[in-house]
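Quick note: the coordinates plus some simple rules give every number you see, no bench work behind them. Keep in mind that what you see is a predicted model, and the values were worked out from it rather than measured. All Cβ positions, glycine included, derive from the backbone under ideal geometry; neighbour counts span all protein chains shown.
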């Protein structure tokens, strides 16, 4: 990588913290979007990262509307907002750190039933 942040704030290895076979399809899709955003930030694809973050935020808002607010989901939403702000300010390393915080929050969220039609 020529211009992006290092790997000091990489998201945790998801397969060690939460076996994806035990996760709902909704959780797996959300983690895929967040890890995709992290990757896009690292290779200077800000537009693609923004799209992934927007999709992740939409899925989180649907979960909050369906199941009610939770500290973990609210934390993930706040981290996504912080990542967007850091991207807008031209600080990709801080945006990556915020995405990592969002991944950690999603891993702490209760694994609710999938949203119909969201798969």
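Computed packing ranks the peptides 47-54, 29-36, 61-68 as 29-36, 47-54, 61-68, most packed first, by mean other Cβ atoms within 10 Å. Taking one quarter of the surface of the C-alpha convex hull of the range 24-108 gives a mean projected area of 4.7 nm².
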